[in-house]
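Scroll down for the structure; my scribbles are underneath it.
The values are calculated or read from the model by the stated rules, or taken from the named source; none is laboratory data. Given the structure is predicted, the values throughout are model-derived calculations rather than measurements. Side chains are part of the model used for accessible areas, which takes the heavy atoms of the whole protein and leaves out ligands, DNA and RNA. Shrake-Rupley method; radii C 1.70, N 1.55, O 1.52, S 1.80 Å.
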Amino acid sequence: MKRVKDEELLVAQLKNPNTQEQAFRDLISLYKERLYWHIRKIVISHDDTDDVLQNTFIKVFKNIHSFKENSKLYSWMYRIATNEAITFINKKAAKQHIDISELQYKMTEDLQEDSNYSGDEIQQLLQKAIFSLPQKQQLVFNMKYYDEMKYNDISEVLGTSVGALKASYFHAVKKIEEFLKSY
């Protein structure tokens, strides 16, 4: 109950011009790392993640007054971050005149040269397996497996029923297992 009250207070402070600046700093310190890693799993590159994260917080700041509070604040912010990340990779693929799957394959190959990536060969293989999934399954898998989000929270972020999310996660896990068996 305290967590809900804390969130309600933070939202009220964000919407109040007298407390908005400090509340926004608090919001960033509370959610920056979680959102960073959520975005990073989608866009892969550290520099791109920083750009998308900055855009996410700008959108949150500009649109906080339209937040209706019928979902959790972090679910609303995750939705914005997810949409910003997807828009970013779609634009990046379009600029390079390739489709998303080609871009994602290229991004996993580039991980080896990324000084901000500390994953080993197995983690890189898992990333390739995840990128072999349809985009929605990627998102569901990442939110459930890495972010340890509950299906109800994922449902708020993606606007999909819990049953459909469970099916997506099940299919994603099966496809990842098959992908990894082939190596």
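Listed by chain and number, the lysines placed with their C-alpha closer than 16 angstrom to that of LYS144 are LYS41, LYS136, LYS166, LYS174, LYS175; residues fewer than eight positions away on the same chain are left out. Return the whole-Å distance between the Cα centroid of region 133-172 and the Cα centroid of region 19-50. What the calculation gives is 20 Å, centre to centre.
Phi-derived couplings, Karplus 6.51 cos²θ - 1.76 cosθ + 1.60 at θ = phi - 60°, listed residue by residue for region 72-79: 6, 4, 5, 5, 4, 5, 4, 4 Hz, with x used for Gly and Pro. Residue by residue, region 34-42 carries 3J(HN,Hα) couplings of 4, 5, 4, 5, 4, 5, 4, 5, 8 Hz when phi is fed to the Karplus relation 6.51 cos²θ - 1.76 cosθ + 1.60 (θ = phi - 60°); x denotes Gly or Pro.
Per the helix-only calculation at 222 nm, which mean residue ellipticity applies to the chain, given -39500 (n - 2.57) for every DSSP H run of n ≥ 4 and division by its residues, nearest 500 deg cm²/dmol? It comes out at -24500 deg cm²/dmol, rounded to the nearest 500. Subtracting the Cα-Cα distance of SER182 and LEU125 from their residue separation scaled by 0.36 nm leaves 19.4 nm. Computed over protein heavy atoms with a 1.4 Å probe, the carbon and sulfur contribution to the accessible area of region 25-183 reaches 51%. Across the alpha-carbon set of the chain, the Rg to Rh ratio works out to 0.99, Rh being the Kirkwood radius. Annotation: per residue accessible area for the chain equals 58 Å², rounded to a whole number [probe 1.4 Å, protein chains only]. Against the chain, whose longest principal axis comes from its Cα atoms, helix 2-15 is set at around 70 degrees.
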